[in-house]
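Peer 1: Take this structure first; my questions come after.
The values are calculated or read from the model by the stated rules, or taken from the named source; none is laboratory data. Keep in mind the model is a prediction, meaning the values are calculated, not measured. Quick reminder, even Gly has a Cβ in these numbers, built from the backbone with ideal geometry, and neighbours come from all protein chains shown. The area values use the complete protein model at the heavy-atom level, side chains included, leaving out ligands, DNA and RNA. Shrake-Rupley method; radii C 1.70, N 1.55, O 1.52, S 1.80 Å.
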Amino acid sequence: FGSSVCNPFPTVSHPSTTMRVCLAAALSAAAIEPLRIKGVLPAVFTPFSDDGQSLNTEVVPKFAQYLNATGVQYVFVAGTTGESLSLTTAERMALTEAWAKQGMKVITHVGAESLLDAKALASHAQANGAVALGCMSPVFFKPANVTMLAKWLKEVGAAAPRLPLYYYHIPSMTGVEFMMLDLIKEVEKIGVPSFAGVKYTGLYEPRAFMDFEQCAEYAGGKYEILCGREEMSAQALAVGAQGFIGSQFNFAADLYEELIRRFPTQDYLAVQDQALALLNAWGGGSTGVNGNKQVMDFVNLDMGGARLPSVDASKAEVAAQQQRIRAWCEETKKAINFEPYMCKQSTVVV
């Protein structure tokens with residue numbers, strides 16, 4: 001290893017100790033490469049018990065089978081869609097373990113209000129089969145500038161040095177609105193060895209697409225910039241996005257893969273129209289109802305009850321939503337000559 005510590009003829013009394021030191025040195029010196037994801041991966045929903053008071057990880061194997069049928073290989077666990085900050089640290093760890101057992105490539109979100117919790121989640125993810133980490137900033141005691149945020153990421157990354165670390169940029173939820181190019185430059189300045197890129201969800205910000213493109217091109221494309229807004233997939237494709245993380249990929253990943261496949265021909269716009277129509281079909285419920293998660297009823301996957309501050313939909317709301325989605329299925333098949341798997345899988349009829 002080119003180091004006196006790793007001399008093949010050690011003078012220490014226990015060669016196994018030297019071997020462990022050498023291995024640790026090699027791991028820390030190894031470059032952490034971005035995943036380079038091509039296509040879509042869902043920010044998976046978190047299944048609860050009927051009363052929302054506990055996890056129901058027994059649903060995860062069936063959930064994974066459904067995702068596999070739509071072409072999904074990666075999952076983003078315990079993110080915003082997964083209700084991360086409504087979960088305990090133990091629950092978040094249990095989710096990582098449950099998904100890793102399904103043979104999925106797991107990216108675990110470890111952002112938390114406590115740095116110690118974030119580090120514990122990162123270390124656990126590395127020990128339990130995750131392939132990468134996502135980490136948003138704390139949202140109550142926010143970092144004052146990009147230097148503070150970069151230092152936070154360095155601490156989190158050090159707890160799982162073998163895993164690529166992606167900053168999860170979602171200013172609508174965190175209130176942290178720094179330019180990501182500034183963060184990347186600060187990360188390089190202070191040194192965050194495992195930093196691999198950004199999950200860029202703040203694409204609705206006025207400067208976002210310019211920032212996204214500059215980040216993607218920075219240092220010859222050194223960092224991976226993932227699109228985190230599926231309703232803006234077409235726009236993100238136009239500025240070079242290749243990997244996409246979103247909530248609608250829980251049930252319609254193949255529809256978005258079809259959008260990517262057809263880009264940049266004129267035909268892709270018709271797919272984008274149907275993707276937006278799906279968003280409108282499941283939306284519009286009562287305040288506090290997670291209509292997005294409720295769609296899983298349509299494909300016969302029970303995500304359980306809501307956990308406050310979310311609330312359950314009424315039976316009438318569920319029935320109305322399912323009818324709207326079934327009508328959307330029929331329209332989509334005609335409009336783009338493509339039938340999403342969710343439409344084939346559902347037993348709901350008009």
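Peer 1: Testing Phe338 on (1) farther than 27 Å from Gly240 by Cα; (2) open to solvent by less than 60 Å² (accessible area, probe 1.4 Å); (3) not in a helix (DSSP H, G or I), one condition comes back false. Which one is that?
Peer 2: (1)
Peer 1: Further question on the same structure: If Ala130 satisfies every condition in (1) within 27 Å of Asp211 (Cα to Cα); (2) under 13 Å from the mean Cα position of the chain (by Cα); (3) free of Cβ contacts under 8 Å to residues at least 60 places away in the same chain but one, which is the exception?
Peer 2: Of the numbered conditions (1) within 27 Å of Asp211 (Cα to Cα); (2) under 13 Å from the mean Cα position of the chain (by Cα); (3) free of Cβ contacts under 8 Å to residues at least 60 places away in the same chain, the odd one out for Ala130 is (1).
Peer 1: Might you let me know whether the stretch 92-103 holds any residue that is open to solvent by 10 Å² or more (accessible area, probe 1.4 Å) and at pLDDT below 95?
Peer 2: Yes, the stretch 92-103 contains a residue that is open to solvent by 10 Å² or more (accessible area, probe 1.4 Å) and at pLDDT below 95.
Peer 1: Within the stretch 129-136, identify whether any single residue is touching a Ser or Thr at 6+ places or on another chain (Cβ under 7 Å) and either open to solvent by 60 Å² or more (accessible area, probe 1.4 Å) or among the polar types (S, T, N, Q) (or both), and answer yes or no.
Peer 2: Within the stretch 129-136, none of the residues are touching a Ser or Thr at 6+ places or on another chain (Cβ under 7 Å) and either open to solvent by 60 Å² or more (accessible area, probe 1.4 Å) or among the polar types (S, T, N, Q) (or both).
Peer 1: Same structure again: Any chance the stretch 242-250 includes a residue that's more than 16 Å from Gln73 (Cβ to Cβ), buried (at least 16 other Cβ atoms within 10 Å of the Cβ) and among the aliphatic types (A, V, I, L, M)?
Peer 2: Checked the stretch 242-250: no residue is more than 16 Å from Gln73 (Cβ to Cβ), buried (at least 16 other Cβ atoms within 10 Å of the Cβ) and among the aliphatic types (A, V, I, L, M).
Peer 1: Is it true that some residue in the stretch 178-187 is within 30 Å of Leu278 (Cβ to Cβ), open to solvent by less than 50 Å² (accessible area, probe 1.4 Å) and touching a strand residue (DSSP E or B) at 6+ places or on another chain (Cβ under 8 Å)?
Peer 2: First, the residues of the stretch 178-187 that are within 30 Å of Leu278 (Cβ to Cβ): 180.
Then keep just the ones that are open to solvent by less than 50 Å² (accessible area, probe 1.4 Å); that gives 180.
Next cut, touching a strand residue (DSSP E or B) at 6+ places or on another chain (Cβ under 8 Å) only: 180.
The answer is yes, given that some residue of the stretch 178-187 is within 30 Å of Leu278 (Cβ to Cβ), open to solvent by less than 50 Å² (accessible area, probe 1.4 Å) and touching a strand residue (DSSP E or B) at 6+ places or on another chain (Cβ under 8 Å).
Peer 1: Among the residues of the stretch 313-335, what is the count of those that are buried (at least 16 other Cβ atoms within 10 Å of the Cβ) and either assigned to a helix (DSSP H, G or I) or under 24 Å from the mean Cα position of the chain (by Cα) (or both)?
Peer 2: The qualifying residues number 10.
Peer 1: Restricting to the stretch 114-123, name every residue that is open to solvent by 30 Å² or more (accessible area, probe 1.4 Å) and either of a type in the set (A, V, I, L, M) or in a helix (DSSP H, G or I) (or both).
Peer 2: Correct list: Leu115, Leu116, Asp117, Lys119, Ala120, Ser123.
Peer 1: Checking the conditions here, which among Gly157, Gly202 is in a helix (DSSP H, G or I) and either more than 20 Å from Gly221 (Cβ to Cβ) or hydrophobic (A, V, I, L, M, F, W, C) (or both)?
Peer 2: Gly157
Peer 1: When you look at Gln53, is it at pLDDT 95 or above, within 23 Å of Ala132 (Cα to Cα), among the polar types (S, T, N, Q) and more than 16 Å from the chain's Cα centre (by Cα), yes or no? Quick ask: steps written out before the conclusion?
Peer 2: On the way: at pLDDT 95 or above: yes; within 23 Å of Ala132 (Cα to Cα): no; among the polar types (S, T, N, Q): yes; more than 16 Å from the chain's Cα centre (by Cα): yes.
Here the answer is no, as Gln53 does not meet what is asked.
Peer 1: Are any of the residues in the stretch 285-303 surrounded by 21 or more Cβ atoms within 10 Å (Cβ to Cβ), small (Gly, Ala, Ser) and free of Cβ contacts under 8 Å to residues at least 60 places away in the same chain?
Peer 2: The answer is no, given that none of the residues of the stretch 285-303 is surrounded by 21 or more Cβ atoms within 10 Å (Cβ to Cβ), small (Gly, Ala, Ser) and free of Cβ contacts under 8 Å to residues at least 60 places away in the same chain.
Peer 1: How many residues does the stretch 53-76 contain that are at positive phi and either in a helix (DSSP H, G or I) or crowded, with 19+ Cβ neighbours inside 10 Å (or both)?
Peer 2: 0
Peer 1: Still on this structure: Tell me, please, whether a residue that is assigned to a helix (DSSP H, G or I) and in contact (Cβ under 8 Å) with a residue 40 or more places away in the chain can be found in the stretch 102-113.
Peer 2: So far as the stretch 102-113 goes, no, none of its residues is assigned to a helix (DSSP H, G or I) and in contact (Cβ under 8 Å) with a residue 40 or more places away in the chain.
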